[in-house]
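Student: Have a look at this one before I ask anything.
Nothing in this text is a laboratory measurement; each read-out follows from the coordinates by a stated rule. Remember, it's a predicted structure, so these values are computed and weren't measured experimentally. Don't worry about glycine lacking a Cβ; one is built from the backbone with ideal geometry, like all the others, and counts go over all protein chains shown.
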Amino acid sequence: MSKAKRHLDRMAKLGCILCRRLDLGETPAEIHHLREGVGAAQRQSDWIAVPLCPEHHRGASGLHGLGTKGFYARYKMDELDLLADTLEALER
């Protein structure tokens with residue numbers, strides 16, 4: 001197994017990083033690759049990703065549903081804040 005695959009597995013096991021921040025308990029996670037610094041048709045590195053539950057990833061109240069501006073307006077955090085929380089949680 002590659003280092004990147006092990007990293008993605010460890011992230012997924014954390015559960016949704018936003019649910020953790022909002023004290024909603026542990027929820028299963030999908031991996032969201034940050035859009036920061038990449039073009040529309042490009043995908044970010046597996047190292048620049050965060051774990052999100054299906055709702056906070058693809059749902060109406062999630063990053064893809066609200067868009068980055070709408071997500072920030074609702075939660076007062078952006079993808080980089082979620083990445084920082086993820087990295088901190090991985091260090092515990």
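Student: Provide the per-residue ³J(HN,Hα) series for region 64-73, in order, calculated from phi with Karplus coefficients 6.51, -1.76, 1.60 and θ = phi - 60°, each as a whole number of Hz, with x at glycine and proline positions.
Tutor: For region 64-73, the Karplus curve yields 6, x, 8, x, 5, 5, x, 5, 5, 4 Hz.
Student: Hey, what's the Kirkwood Rh for the chain if you take every pair of different alpha carbons, in angstrom?
Tutor: It works out to 13.2 Å.
Student: Using all Cα-Cα distances in region 44-92, what percent lands in each 10 angstrom bin from 0 up to the longest?
Tutor: Per 10 Å bin, starting at 0, the Cα pair percentages come out as 26, 55, 19, 1.
Student: Then there's this: Amide H neighbours of E30 under 5 Å, counting only residues 5+ apart in sequence or on other chains, H built in-plane at 1.01 Å?
Tutor: Counting only residues 5 or more places away or on other chains, the set is L52, C53.
Student: Whole-Hz ³J(HN,Hα) for each residue in region 76-92, computed from phi via Karplus 6.51 cos²θ - 1.76 cosθ + 1.60 with θ = phi - 60°, x for glycine and proline: what do you get?
Tutor: 6, 8, 10, 4, 5, 5, 5, 5, 4, 4, 5, 4, 5, 5, 5, 7, 6
Student: Name the longest site-free stretch of the chain, where the excluded sites are GluC sites (Glu not before Pro) in a DSSP loop with no more than 15 other beta-carbon atoms within 10 Å.
Tutor: 37-92
Student: Each residue of region 23-30 in order: what ³J(HN,Hα) in whole Hz does its phi give by Karplus 6.51 cos²θ - 1.76 cosθ + 1.60, θ = phi - 60°, with x for Gly and Pro?
Tutor: Computed from phi, the couplings for region 23-30 are 6, 9, x, 7, 9, x, 10, 9 Hz.
Student: A49's amide H: which non-local residues (gap 5+, or another chain) put their own amide H closer than 5 Å, with H modeled 1.01 Å from N in plane and none for Pro or chain starts?
Tutor: Amide H neighbours of A49: L34.
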